[in-house]
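Here the structure comes first, spelled out in structure tokens, and everything after it is commentary.
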Amino acid sequence: MNGPTYFQFHFAFLVPALAGLLAAATVMRSRTTRPTVWSIGKPVYWSGVAAITLVAVVYTTPWDNYLIARGVWGYGEGQTFAQIGLAPVGEYVFFVLQPMLTALWLGQLTLRHGWPEGGLLGWRDDSRRLRREHLRLLPRLLGGGLAVALGLGGVLLLGTDRTFYLGAILAWAAPVFAIQWVVGLPQLLYQRRTVALGVAVPTLYLWAIDRIALATGIWHISPEYTTGVDLFGLPVEEALFFLVTNLFVVQGLVLFRWVADRWL
């Protein structure tokens with residue numbers, strides 16, 4: 001064994017961060033009445049977290065295994081102890097811990113009061129309301145178009161080895177973005193400050209610890225399938241991956257809160 005194991009990485013960086021955020025959340029919930037993302041009630045919020053985590057594991061597993069088989073990334077010898085498919089068990093644990101980390105951070109942030117009227121869940125027969133709905137349909141259509149463009153761009157990038165990992169991320173991310181943006185882009189834009197802050201902090205943290213994992217050899221990225229562009233020593237593809245996955249989680253939970261406010 002040449003370095004720390006995948007589980008040691010979890011215990012060094014993810015478990016303490018989760019514990020700290022959980023402690024902060026516990027204190028905050030007992031001392032504030034601010035309208036936070038999870039102030040609809042802890043059990044309801046965490047049912048949304050559980051659903052998003054389940055979707056993340058199911059959606060990411062085949063993609064992750066395919067990229068391992070292709071040789072886009074691999075793991076240090078002796079630094080993982082068991083596999084499910086081609087991915088180490090620690091990888092699946094990461095699929096669970098990352099949404100929890102982001103959810104614990106996001107849950108403490110405040111929301112703007114109320115929500116924009118309308119959306120796919122708010123269609124009525126009133127003619128004026130329908131006209132407003134048609135106007136609000138435009139950003140959702142633009143969001144869907146942007147997601148399609150990202151997906152098509154990703155597919156094109158798959159054709160070249162040096163851009164393969166970048167293309168794989170974009171092609172994989174596009175269907176999720178399409179669903180989230182078509183369903184609720186006006187609501188996400190309305191809560192853009194919360195979305196941006198909810199994504200930024202865990203993403204920066206994951207960038208930092210991913211850089212450590214690469215430096216210690218827990219996993220490695222193939223230069224054959226990457227552009228060679230680094231962000232402070234972190235391959236730009238890895239930076240994009242954590243940005244995209246945190247966007248999945250944050251947007252999903254904000255939209256979950258929107259649905260909960262309307263229907264629960």
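The values are calculated or read from the model by the stated rules, or taken from the named source; none is laboratory data. Keep in mind it's a predicted model, so treat the numbers as computed, not measured. Note: ideal-geometry Cβ built from the backbone for every residue, glycine included; neighbour counts use all protein chains shown.
When region 57-84 is filtered for residues that are more than 18 Å from residue 165 (Cβ to Cβ) and either assigned to a strand (DSSP E or B) or modelled with pLDDT of 95 or more (or both), the ones remaining, listed by number, are 57, 58, 83, 84. Of all positions in region 231-240, at least one carries a residue that is β-branched (Val, Ile, Thr) and more than 22 Å from residue 107 (Cβ to Cβ). Does residue 130 satisfy the condition of being among the aliphatic types (A, V, I, L, M), under 22 Å from residue 250 (Cβ atoms) and at pLDDT below 95? For residue 130, the condition - among the aliphatic types (A, V, I, L, M), under 22 Å from residue 250 (Cβ atoms) and at pLDDT below 95 - is not met.
What about residue 211, is it within 30 Å of residue 80 (Cα to Cα), buried (at least 18 other Cβ atoms within 10 Å of the Cβ) and among the charged types (D, E, K, R)? Considered against the rule, which asks whether it is within 30 Å of residue 80 (Cα to Cα), buried (at least 18 other Cβ atoms within 10 Å of the Cβ) and among the charged types (D, E, K, R), residue 211 comes out as yes.
Yes/no matrix, rows are residues, columns are (1) in contact with a strand residue (DSSP E or B) (Cβ under 9 Å, 6 or more places away or on another chain); (2) modelled with pLDDT under 95; (3) among the small types (Gly, Ala, Ser):
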position	(1), (2), (3)
195	no, no, no
202	no, no, no
207	yes, no, no
210	yes, no, no
225	yes, no, no
229	yes, no, no
232	no, yes, no
239	yes, no, yes
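The set of residues in region 214-236 being in contact with a helix residue (DSSP H, G or I) (Cβ under 6 Å, 6 or more places away or on another chain) and assigned to a helix (DSSP H, G or I) consists of 224, 225. Please pick out the residue among 106, 97, 67 that is buried (at least 19 other Cβ atoms within 10 Å of the Cβ) and under 13 Å from the mean Cα position of the chain (by Cα). Sole residue among the options that is buried (at least 19 other Cβ atoms within 10 Å of the Cβ) and under 13 Å from the mean Cα position of the chain (by Cα): 106. Of all residues in region 158-204, those that are free of Cβ contacts under 8 Å to residues at least 24 places away in the same chain, crowded, with 19+ Cβ neighbours inside 10 Å and not hydrophobic (A, V, I, L, M, F, W, C) total 1. Of note, residue 257 does not satisfy the criterion of being in a helix (DSSP H, G or I) and either at pLDDT 95 or above or farther than 14 Å from residue 106 by Cβ (or both).
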